[in-house]
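Beneath this line is the structure, given in structure tokens, with notes to follow.
Derivation of every value follows stated rules applied to the coordinates shown; laboratory data play no part. Every value quoted in this text rests on a predicted model; they were computed, and no experiment measured them. Neighbour counts are summed over all protein chains in view; Cβ atoms, including those assigned to glycine, are modelled from backbone coordinates with ideal geometry.
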Amino acid sequence: MISLEPIHVPFTFMKWNSLNYDHRKILEHVKRVKSLIGLQGPLIGVGDLAVDVTNEEATEVFDEGVGLLFTRNINVNDKHKFLRSIGHITGHALGLKDCQNRCIMNHDPNKIAEEFCHKCSLLIESIQSKGYSSNG
């Protein structure tokens, strides 16, 4: 099931000295919401917040079936990069780790692809055949 629902981030999650949100508090909050609503599958969140973890392309955090992508540092008009970021965080929410193959799960700009490699595709099939587990 795909649903677009807003989850509001309490202002108490703001680190006022740096004017960034605490990504750990946001992740724990979203995991609690997921548990409260009884969602069994992965939950992917996308938001335009300044958070306290960044890299050059995007800010991503994930744990126990929740993947969050903060778009403050990426150009959402670059559709290919944005969709790769969504695919990457979805893979993490499904339980995949970063991959060394030519794959959407690879961070290396020379090896990143717009799809999952054969190994990761087989892992996704295995996850689906066993039924989704939020513990990855």
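Each label was represented as a point 7 Å from its Cα along the Cα-to-Cβ direction; for Glu5 and Lys31 these points are 1.9 nm apart. In summary, the aspartates and glutamates within cross-link reach of Lys119, defined as a Cα separation below 19 angstrom excluding same-chain residues under 8 places away, comprise Asp98, Asp108.
Can you give me the relative contact order of the chain as a percent, contacts being Cα pairs under 8 Å and 6 or more apart? Walk me through the numbers before you get to the answer.
Values: 204 pairs, mean separation 25.8, N = 136.
Once divided by the residue count of the chain, the mean separation gives 19 percent.
Might you report the magnitude of the Cβ-based charge dipole of the chain about its Cα centre, with Lys and Arg at +1 and Asp and Glu at -1, to the nearest 20 debye?
Values: 15 positive and 16 negative charges, 40 e Å.
The calculation lands at about 200 debye.
Candidate cross-link partners of Lys25 among the lysines, defined by an alpha-carbon separation under 19 Å and a same-chain spacing of 8 or more, comprise Lys15, Lys34.
Could you list Ile37, Ile89, Ile7 so that the one with the fewest beta carbons within 10 Å of its beta carbon is first and the one with the most is last?
Ranking Ile37, Ile89, Ile7 by Cβ neighbours within 10 Å, fewest first, gives Ile37, Ile7, Ile89.
Between Met14 and Leu49, the contour length at 0.36 nm per residue exceeds the Cα-Cα span by 11.6 nm. Please return the longest range in the chain lying between exposed loop sites, taking GluC sites (Glu not before Pro), DSSP loop only, at most 13 other beta-carbon atoms within 10 Å, and leaving the sites out. The longest such stretch corresponds to 57-113. By the beta-carbon count within 10 Å of each Cβ, the least crowded to most crowded order of Phe116, Phe70, fewest first, is Phe116, Phe70.
Between Ile127 and Leu83, the contour length at 0.36 nm per residue exceeds the alpha carbon distance by 13.6 nm.
In sequence order, region 5-17 has phi-based couplings of 10, x, 10, 7, 9, x, 5, 5, 7, 6, 8, 5, 5 Hz under the Karplus curve 6.51 cos²θ - 1.76 cosθ + 1.60, θ = phi - 60°, and Gly or Pro positions carry x. Fully extending the segment from Thr71 to Lys119, taken as 0.36 nm per residue of separation minus the present Cα-Cα distance, adds 14.5 nm. Unpaired Cys in the chain, meaning no second Cys C-beta under 4.7 Å: Cys120.
Using a 10 Å cut-off around each Cβ, can you sort Met14, Met105 from fewest to most neighbouring Cβ atoms?
Details: Met14 16, Met105 23.
Exposure proxy ranking, most exposed first: Met14, Met105.
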